[in-house]
Every structure is written in C-alpha cells, then in structure tokens.
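Just so it is clear, none of the values below were taken in a lab; they were calculated from the coordinates. Predicted model only: the values in this text are computed from it and were never measured. We place every Cβ from the backbone using ideal geometry, glycine too, and count neighbours over all the protein chains shown.
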Amino acid sequence: MDDTRISDFFVSVGKVSIKPVFGGKGIYLHGKIIAFQRKDELLVKGDKKVAAKIEKAGGTRMFYRSRRGHRQKIYLPYWSVPDSAYHDAEEMARWVKIGVEASKRSAK
C-alpha cells in the first residue's frame with residue numbers, strides 16, 4: 001500500500017507521518033503512532049477500552065510468534081480495520097478516530 005493511499009485513509013484527522021517500522025509502516029499523528037500498515041492491511045491502535053467493540057466488528061488483533069520455546073503468540077495493541085472501511089470514507093474515519101483516541105489514552 002503506498003503512502004498516498006494511506007494518507008487518504010487518515011485525511012479525517014489531518015496530516016499524518018508514515019515511517020518504516022517492523023516490516024511495515026507506522027502511521028503517526030503529532031508524533032504518536034495511531035496505526036500500523038503491513039502488506040495491504042491497516043491496523044488501528046486499540047486498548048482494553050475498545051477491544052471488544054473492534055472484535056465485535058470483525059477486527060483481529062495483531063500478533064507475532066516468539067522465537068523461543070513454544071513460539072507463543074505475543075499480542076500487540078493493533079487491530080485490523082474491517083474490509084468495508086476501505087470503501088467507505090465515513091466508516092474509515094470512525095476507525096481512524098479509534099486509533100487516535102487509543103493513542104491519546106496510552107500517552108497518559
């Protein structure tokens with residue numbers, strides 16, 4: 001996914017910065033990460049406050065497998081955006097807002 005397309009998804013919150021990170025791209029607003037992009041998937045930052053809401057809408061949590069032992073899943077605070085949001089600017093704006101709000105809460 002190119003940076004122009006990513007920026008278009010986040011236009012509802014203003015100008016974002018996009019930087020390479022963890023084999024994907026971090027999406028930042030005012031220096032704070034609000035989302036992550038890997039391959040053709042966007043994942044918004046989340047937390048305990050919104051996890052159930054995101055999962056009810058079909059979002060799945062990002063994880064990786066540890067390199068040692070039983071290769072357990074290590075979960076990160078990012079959830080996938082539903083496919084329908086990629087084709088609906090208003091829906092994408094709602095998901096972007098979730099990422100922005102979670103980022104603000106994590107900074108406290």
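Among 30, 70, what is the fewest-to-most ranking by other Cβ atoms within 10 Å? The partial results should precede the final answer.
On the way: 30 13, 70 7.
With the sparsest Cβ surroundings first, the list reads 70, 30.
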Taking neighbour counts of Cβ atoms within 10 Å as a proxy for exposure, in what order, fewest first, do 29, 43, 76 appear?
76, 29, 43
Rounded to whole Hz, the Karplus (6.51, -1.76, 1.60) HN-Hα couplings of the stretch 3-12, x for glycine and proline:
5, 5, 5, 4, 4, 4, 5, 9, 4, 5
Cα-only Debye scattering, the stretch 3-106: base-10 log of I(q)/I(0) at q = 0.16, 0.19, 0.22 Å⁻¹
-0.66, -0.91, -1.21
How large is the helix-only mean residue ellipticity at 222 nm for the chain, computed as the sum of -39500 (n - 2.57) over DSSP H runs with n ≥ 4, divided by its residue count, in deg cm²/dmol to the nearest 500?
-8500 deg cm²/dmol
If you plug each phi of the stretch 20-27 into the Karplus form 6.51 cos²θ - 1.76 cosθ + 1.60 with θ = phi - 60°, what whole-Hz ³J(HN,Hα) values come out, in order, with x for Gly and Pro?
x, 7, 6, x, x, 9, x, 10
If amide H atoms are modeled at 1.01 Å from N in the peptide plane, then the residues at a separation of 5 or more from residue 78, or on another chain, having amide H under 5 Å from its own are 46, 62
Tell me, what ³J(HN,Hα) does each residue in the stretch 71-86 have, in order and in whole Hz, if you take phi through Karplus 6.51 cos²θ - 1.76 cosθ + 1.60 with θ = phi - 60° and put x for Gly and Pro?
6, 5, 6, 10, 8, 10, x, 9, 10, 5, 8, x, 3, 4, 5, 5
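Hey, fewest Cβ within 10 Å first, where do 15, 53 land in order?
Details: 15 9, 53 12.
Going from least to most buried by this count: 15, 53.
Quote the relative contact order of the chain in percent (integer), defining contacts as alpha-carbon pairs under 8 Å separated by 6+ residues. The partial results should precede the final answer.
Working: 158 pairs, mean separation 28.0, N = 108.
Relative contact order, the chain: 26 percent.
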